[in-house]
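See structure below.
The values are calculated or read from the model by the stated rules, or taken from the named source; none is laboratory data. Source: prediction; values computed, not measured. Here the Cβ positions follow ideal geometry from the backbone for every residue, glycine too, while neighbour counts run over all protein chains shown. We work out accessible area using only protein heavy atoms, side chains counted, and drop any ligands, DNA or RNA first. Shrake-Rupley method; radii C 1.70, N 1.55, O 1.52, S 1.80 Å.
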Amino acid sequence: MDIIDRRMLAILQDNPDLPTSELAGRVGLSNTPCWRRLKKLQADGVIMGRALLLDPTALGLTVNVFADIRLKQHDEETLLALEKAVGSQAEIVECFSVSGESDYTMRIVTRSIEDYESFLKKVLLHLPGVAAVNSRFALGRVKMTTSLPI
């Protein structure tokens, strides 16, 4: 990856719908070489996809919960089962395997604290291998970005 690829990525992070012709002009390439570079970045997995960002508050999803999950056991079967189960839960918008006292940290979005309590009782506590859940509620968002420091 060279400086042109990095400039392309930086521009696309802020303008993902930018036409290739305009992107090419901004980085000093013609359309075809720019398109080829984009396709290579996609094929190499650098560009994972494009997403539409929604305002959770506008959709009534006003509660952000950070749930620290501790497992009963740490065998590969349990880890894979938990990670697969997490993938099917729309409320879990981020999940990280972490070091320290917890095994996973999840960000969960819901409409209310009551909805989270129901999700905790009906889903989180029943995920494969879960021993304990420690929940923290966000009071406000200071920063949220999908842009990486290129």
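Some values worked out for this structure:
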quantity	calculated
Sole residue being open to solvent by less than 90 Å² (accessible area, probe 1.4 Å), touching a residue at least 24 places away in the same chain (Cβ under 8 Å) and closer than 25 Å to HIS126 by Cβ, chosen from VAL65, VAL46, VAL93	VAL65
Qualifying positions in region 101-125 - more than 20 Å from PRO56 (Cβ to Cβ), open to solvent by less than 90 Å² (accessible area, probe 1.4 Å) and in contact with an Asp or Glu (Cβ under 9 Å, 6 or more places away or on another chain)	SER102, ASP103, TYR104
ARG7 being among the basic types (Lys, Arg) and open to solvent by 80 Å² or more (accessible area, probe 1.4 Å)	yes
Condition check for ALA67: assigned to a strand (DSSP E or B) and either touching a helix residue (DSSP H, G or I) at 6+ places or on another chain (Cβ under 8 Å) or modelled with pLDDT under 95 (or both)	yes
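Residues checked against (1) among the hydroxyl-bearing types (Ser, Thr, Tyr); (2) out of contact with any Pro (no Cβ under 7 Å at 6 or more places or on another chain); (3) in contact (Cβ under 8 Å) with a residue 40 or more places away in the chain:
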| residue | (1), (2), (3) |
| --- | --- |
| LEU82 | no, no, yes |
| GLY87 | no, yes, no |
| VAL98 | no, yes, no |
| THR105 | yes, yes, no |
| VAL123 | no, yes, no |
| GLY129 | no, yes, yes |
| PHE137 | no, yes, yes |
| ARG141 | no, yes, yes |
| LEU148 | no, yes, yes |
